[in-house]
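Read-outs throughout are calculated quantities, based only on the coordinates presented, and are distinct from any laboratory measurement. Remember, it's a predicted structure, so these values are computed and weren't measured experimentally. For neighbour counting, all protein chains shown are included, and Cβ atoms are generated from backbone atoms with ideal geometry for every residue, glycine included.
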Amino acid sequence: MEFIGISIDVFLITSTLALAAFGLAIIYGLIGVINMGHGAMLTLGAYLTWYFMSLNIPFFLCIIFSGIGVALVGIALEHFIIRKFYDRPFDTLLLTWAFFLITTEVIKIIFGTDFKNIEAPIAGAFEVFGVNIPAYRFLVCLFTIFLITISNIIFLKTDLGIKIRALIQNKEVAGLMGLDINLTYKAVFCFGSFMAGIAGGLIAPMLSIDPYMGNIYLVRSFFVVIVGGVGHLLSGTVIGSFLIGGTETLFAIFSDQVVSQASVFLLAIVLLRLRPNGIMNKKDV
Amino acid sequence: MKKNKKNKSIVNKKISRRDVIKSIGYLAIGALASPALIRSAHAANPIKVGVISPLSGAWTVYGKAHIAGFELAVDEINAKGGVLGRKMELVIGDSKTEPRIVVEQANRLIRNEKVDFLAGTFSSAERNAAGPVVKALDKVLLYPTFYEGQEKEYHPGVCNKNIFMFGPEPTQQVWPHMEYMMNKFGKKFFMIGSDYAWPRVTNMVTKRKLKELGGSVVGEVYIPFGTPQYESVLRDIRKAKPDIIFHSLTGSDTVNFRQQFAAAGMKEDFALWTVDDEEVVTTGLGPKVSGNDYVSFDYFMSIKHPNNAKFLKNFRKKFGQDALMNTVGVAMYNAAHMAALAIEKAGKLDTASLRENLKGISFNDAPQGPVTMRKDDNQIIVPSYLMQVNPSWTNVGNMFNEVQSFQKVVPLAARCSLPL
């Protein structure tokens, strides 16, 4: 009985982590931009969702609008700044951190510093084996699976996916073969920001909405992407989330929160020592 | 050659008529100007107060009410002509919610800005960081926030003769209501708090009274800052089957936890009593998540006291109809007024006389009713209210329903070597 409860918890945590990390998996995983502004993108998605909700737009439309909003911001960021730094990843670290600082202050100016609140569009919980699972939470997890599957299909089975993979594998040759490098980079960055915006909006009803909320997932997202393997969009993100989320949950059973959260760091160090390319240990996608 | 030496060795300057006229001129101007010089220097010499507030970082949400209370008081004081004829002036330092930045700001305000005294810091961690600084540089700190009480081992963050506590401690905020809560719900407490000084020591002090009343602690969890998921904690709570969840989480963690607690349908099974979530947090939670939970503080916007009506009117005039105020902002307001009263009483401004005159001072216009600063241990004596959140609140006006209140709760003596 308790095992089922724990498995359900692990499932919920894993999917939420995967959702939050997915935008970073695309931006950092695919095109190597160390996006320290990922938390800010989540926060922005949440605030945009709150804003659209206050205009009485139905929730799922709000999510899409926020995704588009953050994607636009992402495109602007990419076009004016990131574009020149694809071969200098450590500089992108500083630039995206600046983006985080600026975005947070702009959010504070526009929306104020108070806690904002979004009610979950689907209230109530249903009981499974003695555990109450919030209905909204469960739906978000299903949606995450759907999202990752769709992205994987796009990535592996479509033209755009082939172009992106070509870009990652060998930028120069792909360019020589006629690929529009700049446009492909933009498309990927835009898609990653879109995902981060959607994630922020979906997570917003489960968390407090304050100007720093997204940063709760910043370090965790990096762990998920690095442990899962940079570049492995589906398998890496899911397995990374499972390892990170699962470890935290498992250790929390036997000890306190500090130990369980610290054990995640320990796990990441050990795994990276043994598998420098991530848990899947393959170099290509 | 002899001639040259003679010329060089003696400097023979004659005073010319031009020099005499010049010096008389300067003296005259000086004499005419001096009253103006002295007067303007005196009048332009404001009392500078260094206010350290979390304006950015994790607890940005609390910074607004924190500073607003002090600003309102300073406006009122200056409108009446200031203190000893001098206006009060704020110099603000942003603590960024980081204790080490508090140290920087405290040093900057005292050494560079030459403030006369400090007010603020928000969390106990910030106050404990400022403690050594105000002790070494001998400046008074007016600390507003509800806190964990003074235990000797945390000196000089507490038990510091320069730090005056304007917020309640657990023997005022928690102890008076424990019997009521235990009689109503049961004796098993599950304690959940953030992982730092305030929740830990508050729980320690609460446990003393709990034991006295025959209660027990079935779980005690401390959550590191920035924890998004609470599945394991919720599971622990379900397993432990407490009667009351005693809640001292803070920052965004409290909203995350209470949201997930409510979403998991656990509100029906357990009573929640929070000593952290005031108007700002409760507004962020919404009525569904916060409804029917219990909160205890020395001040709420909704308490019915003529002082409060007047205070809120002035507050809203300055900050807008929707502005939020809470126990911490009101404590800053009281602190500013009481410091002004103390300086007037002393007739001069320096740390020692401010310290001596703050002790024992009363302020009758405090929004929650008359309050007094106790002499021996720098602890303020305030009322204590237990409120229940209205499950269908729509604004701060109808957010809390009073369950019980005590107009004046005398706290336990501070656990320091007294008098301070």
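Listed here are the residues, each with its yes/no results for (1) over 29 Å from A:ASP87 (Cβ atoms); (2) touching a residue at least 60 places away in the same chain (Cβ under 8 Å).
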site: A:PHE155; (1), (2): no, yes
site: A:GLN169; (1), (2): no, yes
site: A:ASP180; (1), (2): no, no
site: A:CYS190; (1), (2): no, yes
site: A:ALA196; (1), (2): no, yes
site: A:GLY201; (1), (2): yes, yes
site: A:SER208; (1), (2): yes, yes
site: A:ARG220; (1), (2): no, yes
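For region A:96-134, the candidate set comprises residues that are more than 14 Å from chain B (Cβ to nearest Cβ) and buried (at least 21 other Cβ atoms within 10 Å of the Cβ); within that set, the residue that is nearest to B:LEU285 (Cα to Cα) is A:PHE99. Here region A:148-179 is the region considered, the condition is being buried (at least 19 other Cβ atoms within 10 Å of the Cβ) and under 19 Å from A:ILE63 (Cβ atoms), and the residue that is farthest from the other protein chains (Cβ to nearest Cβ) is A:SER151.
Evaluating B:GLU89 against the criteria (1) surrounded by 17 or more Cβ atoms within 10 Å (Cβ to Cβ); (2) assigned to a strand (DSSP E or B) leaves one unmet condition, (1).
Please enumerate the residues belonging to region B:194-229 that are farther than 20 Å from B:GLY157 by Cα and either within 24 Å of the chain's Cα centre (by Cα) or among the hydrophobic types (A, V, I, L, M, F, W, C) (or both).
Step one: filter region B:194-229 for residues farther than 20 Å from B:GLY157 by Cα, giving B:206-229.
Residues satisfying the conditions are B:THR206, B:LEU210, B:LEU213, B:VAL217, B:VAL218, B:VAL221, B:TYR222, B:ILE223, B:PRO224, B:PHE225, B:GLY226.
Output yes when any residue across region B:348-362 is closer than 24 Å to B:PRO419 by Cα, among the hydroxyl-bearing types (Ser, Thr, Tyr), away from chain A (no Cβ under 14 Å) and over 18 Å from the mean Cα position of the chain (by Cα), and no when none is. Taking every residue of region B:348-362 in turn, at least one turns out to be closer than 24 Å to B:PRO419 by Cα, among the hydroxyl-bearing types (Ser, Thr, Tyr), away from chain A (no Cβ under 14 Å) and over 18 Å from the mean Cα position of the chain (by Cα).
Please determine whether any residue of region B:192-210 is more than 24 Å from B:ALA125 (Cα to Cα) and in contact (Cβ under 8 Å) with a residue 24 or more places away in the chain.
Within region B:192-210, one or more residues are more than 24 Å from B:ALA125 (Cα to Cα) and in contact (Cβ under 8 Å) with a residue 24 or more places away in the chain.
What residue, among those in region A:1-27 that are farther than 10 Å from A:VAL224 by Cβ and β-branched (Val, Ile, Thr), is surrounded by the fewest Cβ atoms within 10 Å (Cβ to Cβ)?
First, the residues of region A:1-27 that are farther than 10 Å from A:VAL224 by Cβ: A:1-13, A:15-16, A:19, A:23, A:26-27.
When the remaining residues are screened for being β-branched (Val, Ile, Thr), the result is A:4, A:6, A:8, A:10, A:13, A:16, A:26-27.
On the way: A:ILE4: 12, A:ILE6: 19, A:ILE8: 18, A:VAL10: 20, A:ILE13: 22, A:THR16: 26, A:ILE26: 27, A:ILE27: 30.
Among residues in region A:1-27 that are farther than 10 Å from A:VAL224 by Cβ and β-branched (Val, Ile, Thr), the one surrounded by the fewest Cβ atoms within 10 Å (Cβ to Cβ) is A:ILE4.
When restricted to residues that are surrounded by fewer than 24 Cβ atoms within 10 Å (Cβ to Cβ), within 12 Å of chain A (Cβ to nearest Cβ) and outside any helix (DSSP H, G or I), region B:248-276 contains 3.
Among the residues of region A:211-219, is any assigned to a helix (DSSP H, G or I), away from chain B (no Cβ under 14 Å) and within 19 Å of the chain's Cα centre (by Cα)?
Let us first name the residues in region A:211-219 that are assigned to a helix (DSSP H, G or I), namely A:213-219.
Now narrow it down to the ones that are away from chain B (no Cβ under 14 Å): none.
Checking region A:211-219: not a single residue is assigned to a helix (DSSP H, G or I), away from chain B (no Cβ under 14 Å) and within 19 Å of the chain's Cα centre (by Cα).
So for region A:237-251 (the condition being of a type in the set (A, V, I, L, M, F, W, C), within 24 Å of A:ALA196 (Cα to Cα) and assigned to a loop (DSSP other than H, G, I, E, B)), does at least one residue qualify? No, that holds for no residue.
Per-residue answers, yes or no, for (1) without any contact (Cβ under 8 Å) to a residue 24 or more places away in the chain; (2) in a strand (DSSP E or B):
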| position | (1), (2) |
| --- | --- |
| B:GLY369 | no, no |
| B:THR372 | yes, yes |
| B:ILE381 | no, yes |
| B:LEU386 | no, yes |
| B:GLN407 | no, yes |
| B:ALA413 | no, no |
| B:SER417 | no, no |
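What's the total number of residues in region B:164-183 that are more than 19 Å from the chain's Cα centre (by Cα) and in contact (Cβ under 8 Å) with a residue 12 or more places away in the chain? Within region B:164-183, residues that are more than 19 Å from the chain's Cα centre (by Cα) and in contact (Cβ under 8 Å) with a residue 12 or more places away in the chain number 8. The residue that is farthest from the other protein chains (Cβ to nearest Cβ), counting only those in region B:215-247 that are among the acidic types (Asp, Glu) and closer than 13 Å to B:LYS188 by Cβ, is B:ASP243. Would you check if B:GLY284 is in contact (Cβ under 8 Å) with a residue 12 or more places away in the chain, small (Gly, Ala, Ser) and farther than 18 Å from B:ASN390 by Cα? Criteria not met by B:GLY284.
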